[in-house]
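To start, the structure itself, in structure tokens.
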């Protein structure tokens, strides 16, 4: 069953590529005592993700922070090298934390895993966004299809923050 409002975010470990190489970022450290926007998507460098979803959060990062968001994190079932390159291409540095759910454990734990064989994608993520306060889901928006990007957008997060 997919994660819902009021649920705690399950423990998971993400990979992030930084100046010192690949590091582990766990959900407890990421979320403890903070108000965080997490958004997930099917894959780095895919059309809707690259044209709309990530760029929207990069563009609205300052506005979301002004509304009390401490961190904005993009999660995808990709490796940390791809996530870093994709984030840099879109100007995410310092605005959106790019996290690799490399093994898909987090995505499966929140019940939002899917396969898109028509695109050659397997074990990927639904398109969603959620606001999490101190590890508890306050709002969550999952798109009807991965081609949609309205309710999971940064603009919609602005309305529910």
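Bear in mind that the values in this text are calculations on the coordinates, not laboratory data. Computed from a predicted model, the values in this text were never measured in an experiment. Cβ coordinates were reconstructed from backbone atoms using ideal geometry, including for glycine residues, and neighbour counts include every protein chain displayed.
Things to note:
- Unmet criterion (only one of (1) in a helix (DSSP H, G or I); (2) in contact with a helix residue (DSSP H, G or I) (Cβ under 8 Å, 6 or more places away or on another chain); (3) without any contact (Cβ under 8 Å) to a residue 60 or more places away in the chain) for residue 158: (3)
- Of all the criteria given as (1) part of a loop (DSSP other than H, G, I, E, B); (2) under 19 Å from residue 79 (Cα atoms); (3) in contact with a helix residue (DSSP H, G or I) (Cβ under 6 Å, 6 or more places away or on another chain), the one not satisfied by residue 43 is (3).
- Only a single item in (1) over 19 Å from residue 23 (Cα atoms); (2) out of contact with any helix residue (DSSP H, G or I) (no Cβ under 6 Å at 6 or more places or on another chain); (3) part of a loop (DSSP other than H, G, I, E, B) is not met by residue 102, and it is number (1).
- Total residues in segment 128-148 satisfying the condition of being crowded, with 21+ Cβ neighbours inside 10 Å and more than 17 Å from residue 71 (Cα to Cα): the figure is 1.
- For the residues 82, 5, 37, the requirement of being touching a strand residue (DSSP E or B) at 6+ places or on another chain (Cβ under 9 Å), touching a residue at least 24 places away in the same chain (Cβ under 8 Å) and part of a helix (DSSP H, G or I) singles out 82.
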